[in-house]
Structures are given as C-alpha cells and as structure tokens.
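The values are calculated or read from the model by the stated rules, or taken from the named source; none is laboratory data. Predicted model only: the values in this text are computed from it and were never measured. Neighbour counts run over all protein chains shown; Cβ positions are idealised from the backbone, glycine included.
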Amino acid sequence: MSVLQEITGWAAYLMLCLLFVVFIAFIAYCLYVKHIHQKYDHIPGPPRDNFLLGHTPTFIKATKSDRIIHDLLLQWAEKYGPVFRINTLHFAVIMVYCPEATKTILMSPKYPKDPFVYKRLFSMFGKRFLGNGLATAADHDVWYRQRRIMDPAFSSSYLRGLMDTFNTMSERLMDKLEEKADEKTPVIMHGLVNCVTLDVISKVAFGVDLNLLKETDSPFQRAIDLCLKGMVYYLRDPFFTLFPKNWKMIKQIKDAAELLRKTGEIWIQNRKTAVENGEDVPKDILTQILKTAEEEKANNAEDHELMLDNFVTFFIAGQETTANQISFAIMELGRHPDIYKRAKAEVDEVLGTKRDILYEDLGKLTYLSQVLKETLRLYPTAPGTSRWLPEDMVINGLKIPGKCIAVFSSYTSSRLETFFIDPLKFDPERFDVNAPKPYYCYYPFSLGPRSCLGQAFSQMEAKVVLAKLLQRFDFSLVPGQSFDIIDTGTLRPKSGVICNIKCST
C-alpha cells in the first residue's frame, strides 16, 4: 500500500511540475505576444477581438458566414489608411495599399514570399499539396531554378501554337450552348466555362483530353473545389482540425489532394516513358518542361516532387482563375447592355463569320481586352499576395519593424476611390490606350519577378472563349439571381451566372 501511495505521490508531483512548466510557457508566450503588440501598435488598425487571437475570430466568423474577407479589408483600408495592422496570435500582418511601397516590395526579389502562408501550403492537413512549386517557393534560388525550367513552355512563340487547342475546346462549349439554346433552358455559365478551362489546361499542358462537357462524372472538378475550400479553412481557421464534425471534410480534402498528385504522377511517368522509348509525343507544356529539365539536369527525386507540386498548381490555378474571370465578364456584360453591344460589334467586325480565331485577331480585339482588364479590376480572381519584410523600412511615413508579413490585395486597391473614380462602376474605358494608367494599384497577376507565369496564356484563352460566345450567341441574365461574390480562395460569382441563351441571327 505504501508503494502505491509513493507512486501516486510521485505521479501527482510530476503532474504539478508539468502544469507549472505549461503555466510558465503560457506566461512566456503571453509576454511575447505583448512584445509584438508593443512593437507594432504604433501602426493604425482595427481593435483586436482579444489579446491572444487578435483578429482571428473576425476572420473565422467571416469565413463561416460566406462574407468576403476582402470587403472587410476594404472597409479597414478606407478607415485606417494605406498602411494598417492586423494581429493573429503572435504574428503582426501589415496591409499595404501605398503604390510606392507596392512597387518597391513586389518588384524586388529582395522581399521573398512570406513563409507563414506559403510554407503552410507546402502541405494541407498533413498531405503534401503545393509543396515548393512556383507559387509557393519562398526561397528565391529554389523558385528561380523552376522558373528557368518553366519559362520556355510559356514563351510567346510557344503560346502562338496553342490557338488550335483554344479554338477546338471553345467550339465544344459553343456546341453545348447551341443545345441549350435549342432546349430554351437557362444555363449556369460558370459550370460550363469551368469544364472548358480544365479541358484546355489538361490538353495543352499534359496532352490529356478530359472532354468534361461530355464526361460529367470526372472527379477532377470536385477535387479542385475541395482543395480550394481546404485552403480557405487551413489558412484562416487555426482551430478547424480540432472539431470532430470537420474530420470527414478534412479526409475528403486530403483525398482530393492525393488524387491530383497521383494523377500527375501517372501522366508525367507515362510521358517520360514515351520519351525514353523514342515515341512521338505531343509538343505540349509537359514535353517542353521535361526537355528543359533534362538540359538543366533537374531529374532527382526532389525535382520530381517539384514537378508534381507544379502539376497541382497548374491544375488549380491554370483553370480556376480563368474560368472565374470569363464568368464575371459574362455577368458584367449582361448587366451593361451598352458595353455588351460595343464588345459584340467589335467581335463581329474583327471575326465576321469565321470559326477559327487567329493569334493576329486577338490584338485587334482591343475593347474586349479592356472588358477583361476591367473584370480583373473589380474581380481579381487571385485577389492578393504577401511578402516577408526582413528588415525595418518606412512606408507612407510609418516605421515598419522588420521580420513581419506585408499583404497586398489587388481587390482592395482596385476598389479604393483614391485610385479609381467611382470604383464600383464597371467601366472598360479605364483601360483605353489613352486613359491614365493605374500606378501600382492594379496587379491581378501580382507584379515583378514573382508575377504569374501563365498570365498571357490565361488572357489568350479568355479572349478566345468570350469572343466566340459574343460572335455566336445572344445572352441575357436570368432575373432575380445574385451578383454577389463567393470566396473559395479564389473569387467566384456566387450564382454561377445564370443566362438565357439564343443563337445569333
């Protein structure tokens, strides 16, 4: 009995010691959080929700209520100015809407992508996700080596050769819309456009024809939706994994990420085998990347994982953002008959009745380009980016202590009256060749060396799809639908853009 009492006594003592250590650690952490507050509280910003969590509860509440986080940031920017502070746990995040600072930071490789967000996306809920690919690599050398491998696959000469694929995949959409016009049934445009952009990226990048407008049971679209949803919860809600009610969704998100990576593994390995066997292979992005990787001797195990990282990035970013932009453009054209009429007249003048759009035609569709740029001003589908500030600097007269994150939101800066007159008005004339150019407040594809590699690809595709739609059909928005935005990591039209379609006479 005495031995048992002694053991019990030691257990109680150890438990007290453990609690004491935890208590001391908690006090030390609280003191560190207080230090961070004192270090950055001279920067204006909204009141914290509480001492430890900072503004995290506000972001969690907004995410769960489908409120657009970027609208909240816009309100704060209007109230607190071009530089303001947000706190979450022991992090201070500096929101920046000062054009000079935007230019200085985004245009220089001196400021890497911030390690908090982008390293977290290395994996998602414990499953490797975007890894160290082009979008997430914080280390400049790691990123630059990959960019050097990828650049030839996105050169202007290569992109010219993609027009046949853009035309072919867009024609499939036109055929589907013709069916819907004959049936006289409303069409959810975002869903159909999503199929086309995913077909395009899988074909031009990996030589695979998914034909999603016919193969409606493909798992890829659901996998992408789940991964995007997972990114939002994973980045904005640090407590999401703690609740058993979320575990089923977490399992689905992990399975979705695994599906994309396994698919990439199969497609890449099949292409490598075909090349090694001397077979004829498509002259697509994957072939070009494998060729350049061989020249660069980038063929070890980690290089293979990086290729899979970029496969997932292409699959998600390469189709999702373009589909959203096209859908928002259709929505705004439907809401503005005069703009719609002018865009349609330009398409008719440039294309006439010909089916295949040539690369040379794209440059002549100047007003349509303005429509697409204005769409990205109001609805930047990848709405923000962030950088790590390694040392102290002064922004807009405020001293910003180093070792913090600076966040730049194109959504917010593009909707500030400081930079755009009547900013919520959809007005393609803002991007007329003779109009004053926005000065480092419009950057839907980011800026500088880390700007989006696929932006030219994306805008060529968007222009082909939209031009064919305007050439072949008359469309109008079904009354009563919402024009709200839904935040899925990217920005989408909440209603899906429901249209009545009829063939042009």
Of the residues in the range 34-73, those that are at pLDDT below 85 and over 14 Å from Val232 (Cβ atoms) number 1
Scanning the range 266-283 residue by residue, those β-branched (Val, Ile, Thr) and either in contact with a strand residue (DSSP E or B) (Cβ under 8 Å, 6 or more places away or on another chain) or part of a loop (DSSP other than H, G, I, E, B) (or both) turn out to be Val281
Residues in the range 335-353: is at least one more than 30 Å from Met107 (Cα to Cα), under 29 Å from the mean Cα position of the chain (by Cα), of a type in the set (Ser, Thr, Tyr) and at pLDDT 90 or above?
yes
Does the range 32-46 contain at least one residue that is on the phi < 0 side of the Ramachandran plot, surrounded by fewer than 17 Cβ atoms within 10 Å (Cβ to Cβ), among the hydroxyl-bearing types (Ser, Thr, Tyr) and in contact (Cβ under 8 Å) with a residue 24 or more places away in the chain?
yes
Taking the range 64-78 and keeping only residues that are assigned to a helix (DSSP H, G or I) and either under 23 Å from Leu424 (Cα atoms) or small (Gly, Ala, Ser) (or both), one is left with Ile69, His70, Asp71, Leu72, Leu73, Leu74, Gln75, Trp76, Ala77, Glu78
Looking at (1) of a type in the set (S, T, N, Q); (2) under 20 Å from the mean Cα position of the chain (by Cα); (3) over 17 Å from Cys452 (Cα atoms), which one does Asn132 not meet, given that it meets all the others?
(3)
Here is a check on your reading of the model: is Leu286 part of a helix (DSSP H, G or I) and out of contact with any Phe, Trp or Tyr (no Cβ under 8 Å at 6 or more places or on another chain)?
no
Being in a helix (DSSP H, G or I), in contact with a Lys or Arg (Cβ under 9 Å, 6 or more places away or on another chain) and either under 25 Å from Phe473 (Cα atoms) or at pLDDT 85 or above (or both) is true for just one of Val196, Val200. Which residue is that?
Val196
I'd like the full set of residues that are crowded, with 17+ Cβ neighbours inside 10 Å and either at positive phi or hydrophobic (A, V, I, L, M, F, W, C) (or both), limited to the range 282-298.
Ile285, Leu286, Ile289, Leu290, Ala293, Ala298
Just to verify a result, which residue in the range 88-130, among those that are of a type in the set (A, V, I, L, M, F, W, C) and in a strand (DSSP E or B), is surrounded by the fewest Cβ atoms within 10 Å (Cβ to Cβ)?
Phe91
Cβ pairs under 9 Å, 6+ apart, first in the range 156-178 and under 11 Å from Val196 (Cβ atoms) and free of Cβ contacts under 8 Å to residues at least 40 places away in the same chain, second crowded, with 17+ Cβ neighbours inside 10 Å and hydroxyl-bearing (Ser, Thr, Tyr)
Met169/Thr197
Checking the condition under 30 Å from His35 (Cα atoms), in contact with a strand residue (DSSP E or B) (Cβ under 8 Å, 6 or more places away or on another chain), free of Cβ contacts under 8 Å to residues at least 24 places away in the same chain and not acidic (Asp, Glu), which residue from Val394, Val407 passes?
Val394
Wholly within the range 325-404, strands (runs of 3 or more DSSP E) carrying at least 3 residues that are buried (at least 19 other Cβ atoms within 10 Å of the Cβ):
384-389
Filtered residue count, the range 173-193, keeping only those that are part of a loop (DSSP other than H, G, I, E, B) and modelled with pLDDT under 90
2
Within the range 198-248, restricting attention to residues that are farther than 25 Å from Lys494 by Cβ and of a type in the set (Gly, Ala, Ser), which residue is farthest from the chain's Cα centre (by Cα)?
Gly207
Condition set of a type in the set (S, T, N, Q) and either in a loop (DSSP other than H, G, I, E, B) or touching a Lys or Arg at 6+ places or on another chain (Cβ under 7 Å) (or both), scope the range 131-162, selection surrounded by the fewest Cβ atoms within 10 Å (Cβ to Cβ): answer is Ser155
Could you say which residue among Asp199, Asp237 is in contact (Cβ under 8 Å) with a residue 60 or more places away in the chain and either out of contact with any strand residue (DSSP E or B) (no Cβ under 7 Å at 6 or more places or on another chain) or over 24 Å from Met307 (Cα atoms) (or both)?
Asp237
When the residues of the range 431-486 are narrowed to those that are under 26 Å from Leu198 (Cα atoms) and charged (D, E, K, R), which ends up surrounded by the fewest Cβ atoms within 10 Å (Cβ to Cβ)?
Asp484
By residue number, the members of the range 376-416 that are under 26 Å from Leu121 (Cβ atoms) and polar (S, T, N, Q) are Thr381, Thr385, Ser386, Ser409, Ser410, Thr412, Ser413, Ser414
Per the filter on the range 410-430, residues buried (at least 20 other Cβ atoms within 10 Å of the Cβ) and among the hydroxyl-bearing types (Ser, Thr, Tyr) are Ser410, Tyr411, Thr412, Ser413, Ser414
Does Ala301 count as without any contact (Cβ under 8 Å) to a residue 40 or more places away in the chain, over 22 Å from Ser476 (Cα atoms) and under 21 Å from the mean Cα position of the chain (by Cα)?
no
Within the range 207-239, restricting to residues that are part of a helix (DSSP H, G or I), at pLDDT below 80 and hydrophobic (A, V, I, L, M, F, W, C), the one that is surrounded by the most Cβ atoms within 10 Å (Cβ to Cβ) is Phe220
